[in-house]
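Q: Following this message is one structure expressed as structure tokens.
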Amino acid sequence: MLSRRAATARPKTKHTKNQSSSIPPVYPFTAIVAQDEMKLALLLNAIAPVIGGVLIMGQRGTAKSTAVRALAGLLPPLTLVPDCPFNCDPTDEAKLCDDCRRRWTEEGERLPRRCERVPVVELPLNATEDRVCGTIDFGRALSEGVKTFEPGLLARANRGFLYIDEVNLLEDHLVDLLLDVAATGRNLVEREGVSITHPSRFVLVGSGNPEEGELRPQLLDRFGLFTEIETVADIEQRVEIVARREQFDRDAASFRTQFQPAEAQLGRRLIRAQKLFDEVSVPRELLRKIAEVCVRLKIDGHRGELTIARAARALAAFENRREATAADVRRVAALALRHRLRRDPLAPTSGGERIERAAAELLGGESGSARKQTEQASQRNAPSSRGEAAPDRNGNSAKSVAGTHSDQQPSQIQDEHDAPPIEGHLPAGIRLTQSNSPKG
């Protein structure tokens, strides 16, 4: 019979043995070629997790999981309590788990601290609800009469990224559960008369192949952003993808060193944007335009407007501005609304062109097709991605996901760190050695 002294379960502490030697090297985010929309969606969620995560649909082998791990590698190490299974921040009392808060307030204990890499937790398809949420350690309950909570994947993902590959094949109730936790930042587990809640704040990233099935519309709407990616068709870019991957596999340390300046610059920019996000505003007239776009496209509910506004603020913060503009809205509208359209199952496209056309008509600017033609013309005249032509003196490429707009407001903040190249271009003065590139 279980002891009555265990009215609530105490979580198991995690092992703190140094496992840095077993952590594989991470491919640099700035070395990923093409897939600009996916990278932008990930960056915006890293700046503002309140956006609600991102769903990436596309063929396999298009750098989806690589991009998630690479983005986490850009962020500074977390300061956490080493023996806490929930990665609690010892400096933030409001977000501590119950055990850490008790140690801090009741026992007056100074919480220990250590720094670790931002966690990226991958959810396997065969994961059970107990594995995801956590459960009671029945072995210890029977042997010692103590109900001990065994934390799940949601505990490990706190303050990091939770990545679900092939999310469209995951059981609907698990997807719904994950989206609920991502929205609230708390995981509630009730097992065998024991109730425990713990912090679980993470950036949710789902990916899948649309040929293997789609998510129900009710679940699609819960993801903040949605991006569709395709296999790169440009021959030069495909060659560059193979060349870089081969060099990384041969000598990861040397390859990462080449991209370290751009990685550090982009990392600083992300940190600055995270701090600036709460100060960014959206003018009321621009909010009206956002609502008009959603009404014209017959978007159900209000998540569309909220997501556009938050994503536009994150983009403005990323570009070091305190006010979002119409250009910001145009850039994020398709990401925020594509999966919320009432789709015709026989339609040949996903509706992204409809969104861009409506945004252009209401907000001004080029439509998607016109902008694409302009970008293609620019690419033909742009420096080569292999580094033969020189970026500007700050290492910026001719075209960037983080490029500035012509209609930036006077609220632009001056900063010495300009946009790093994040579209597959090498940093200034750096080029891949010909000896390490595959022969053509």
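The values are calculated or read from the model by the stated rules, or taken from the named source; none is laboratory data. Here the structure is a predicted model, which means the values were calculated and not measured. All Cβ positions, glycine included, derive from the backbone under ideal geometry; neighbour counts span all protein chains shown.
Q: Does Thr257 fit the bill of being under 17 Å from Leu71 (Cα atoms) and free of Cβ contacts under 8 Å to residues at least 60 places away in the same chain? Give the steps one after another, and end with the answer.
A: On the way: under 17 Å from Leu71 (Cα atoms): yes; free of Cβ contacts under 8 Å to residues at least 60 places away in the same chain: yes.
In short, yes.
Residues checked against (1) free of Cβ contacts under 8 Å to residues at least 60 places away in the same chain; (2) touching a His at 6+ places or on another chain (Cβ under 9 Å):
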position: Glu285; (1), (2): yes, no
position: Cys294; (1), (2): yes, yes
position: Ala311; (1), (2): no, no
position: Ala327; (1), (2): no, yes
position: Leu337; (1), (2): yes, no
position: Gly352; (1), (2): no, no
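Q: Kindly indicate whether any position in the stretch 83-100 is out of contact with any Lys or Arg (no Cβ under 8 Å at 6 or more places or on another chain), surrounded by 15 or more Cβ atoms within 10 Å (Cβ to Cβ), under 30 Å from Val239 (Cβ atoms) and at pLDDT 90 or above.
A: No, there is no match, as no residue in the stretch 83-100 is out of contact with any Lys or Arg (no Cβ under 8 Å at 6 or more places or on another chain), surrounded by 15 or more Cβ atoms within 10 Å (Cβ to Cβ), under 30 Å from Val239 (Cβ atoms) and at pLDDT 90 or above.
Q: Answer yes or no as to whether Ala327 is touching a strand residue (DSSP E or B) at 6+ places or on another chain (Cβ under 7 Å) and in a helix (DSSP H, G or I).
A: Values: touching a strand residue (DSSP E or B) at 6+ places or on another chain (Cβ under 7 Å): no; in a helix (DSSP H, G or I): yes.
When the stated conditions are applied, Ala327 does not pass them.
Q: Something else about it: Looking at the stretch 192-199, is at least one residue out of contact with any strand residue (DSSP E or B) (no Cβ under 9 Å at 6 or more places or on another chain) and either of a type outside the set (Phe, Trp, Tyr) or not assigned by TED's automatic domain parsing to the domain that holds Glu319 (or both)?
A: At the first step, the residues of the stretch 192-199 found to be out of contact with any strand residue (DSSP E or B) (no Cβ under 9 Å at 6 or more places or on another chain) are 193.
Filter once more, so that each one left must be either of a type outside the set (Phe, Trp, Tyr) or not assigned by TED's automatic domain parsing to the domain that holds Glu319 (or both): 193.
Taking every residue of the stretch 192-199 in turn, at least one turns out to be out of contact with any strand residue (DSSP E or B) (no Cβ under 9 Å at 6 or more places or on another chain) and either of a type outside the set (Phe, Trp, Tyr) or not assigned by TED's automatic domain parsing to the domain that holds Glu319 (or both).
Q: A further question follows. Of the residues Val203, Val189, which single one is crowded, with 19+ Cβ neighbours inside 10 Å, aliphatic (A, V, I, L, M) and over 23 Å from Leu43 (Cα atoms)? First the steps, then the outcome.
A: Numbers: Val203 fails: over 23 Å from Leu43 (Cα atoms).
Just one listed residue meets the conditions, Val189.
Q: Name the residues in the stretch 71-111 that are aliphatic (A, V, I, L, M) and under 27 Å from the mean Cα position of the chain (by Cα), would you? Give the steps one after another, and end with the answer.
A: Step one: of the stretch 71-111, the residues aliphatic (A, V, I, L, M) are 71-72, 74-75, 78, 80-81, 94, 96, 111.
Leu71, Ala72, Leu74, Leu75, Leu78, Leu80, Val81, Ala94, Leu96 - these are the residues of the stretch 71-111 that are aliphatic (A, V, I, L, M) and under 27 Å from the mean Cα position of the chain (by Cα).
Q: Which of the numbered conditions does Gln260 fail, given that it passes all the others? Conditions: (1) touching a Gly at 6+ places or on another chain (Cβ under 8 Å); (2) surrounded by fewer than 17 Cβ atoms within 10 Å (Cβ to Cβ).
A: Checking Gln260 against (1) touching a Gly at 6+ places or on another chain (Cβ under 8 Å); (2) surrounded by fewer than 17 Cβ atoms within 10 Å (Cβ to Cβ), the one that fails is (1).
Q: OK, next. Can you pull out the residues in the stretch 183-226 that are in a helix (DSSP H, G or I) and of a type in the set (Gly, Ala, Ser)?
A: Here is the first cut: in the stretch 183-226, the ones in a helix (DSSP H, G or I) are 183-184, 210-212, 217-220.
Listed by number, the list holds a single entry, Ala183.
Q: Within the stretch 93-126, restricting attention to residues that are touching a residue at least 60 places away in the same chain (Cβ under 8 Å) and among the basic types (Lys, Arg), which residue is farthest from Gly267 (Cα to Cα)?
A: So the residue we want is Lys95.
Q: Of Asn158, Asn168, which residue is buried (at least 21 other Cβ atoms within 10 Å of the Cβ) and part of a loop (DSSP other than H, G, I, E, B)?
A: Details: Asn168 fails: part of a loop (DSSP other than H, G, I, E, B).
The match here is Asn158.
Q: What residue, among those in the stretch 270-315 that are over 27 Å from Gln218 (Cα atoms) and buried (at least 21 other Cβ atoms within 10 Å of the Cβ), is farthest from the chain's Cα centre (by Cα)?
A: Restricting attention to the stretch 270-315, the residues satisfying the condition of being over 27 Å from Gln218 (Cα atoms) are 270-286.
Add one more test, that the residue is buried (at least 21 other Cβ atoms within 10 Å of the Cβ), and what stays is 273, 280.
Numbers: Ala273: 14, Val280: 20 Å.
My answer is Val280.
Q: Let me ask another. Hey, does the stretch 303-323 have a residue that's modelled with pLDDT under 95, touching a helix residue (DSSP H, G or I) at 6+ places or on another chain (Cβ under 7 Å), under 24 Å from Leu42 (Cα atoms) and not in a helix (DSSP H, G or I)?
A: Among the residues of the stretch 303-323, not one is modelled with pLDDT under 95, touching a helix residue (DSSP H, G or I) at 6+ places or on another chain (Cβ under 7 Å), under 24 Å from Leu42 (Cα atoms) and not in a helix (DSSP H, G or I), which makes the answer no.
Q: Further, regarding this structure: What is the one condition in (1) under 17 Å from Ala70 (Cβ atoms); (2) among the acidic types (Asp, Glu); (3) buried (at least 17 other Cβ atoms within 10 Å of the Cβ) that Asp249 does not satisfy?
A: Every listed condition holds for Asp249 apart from (3).
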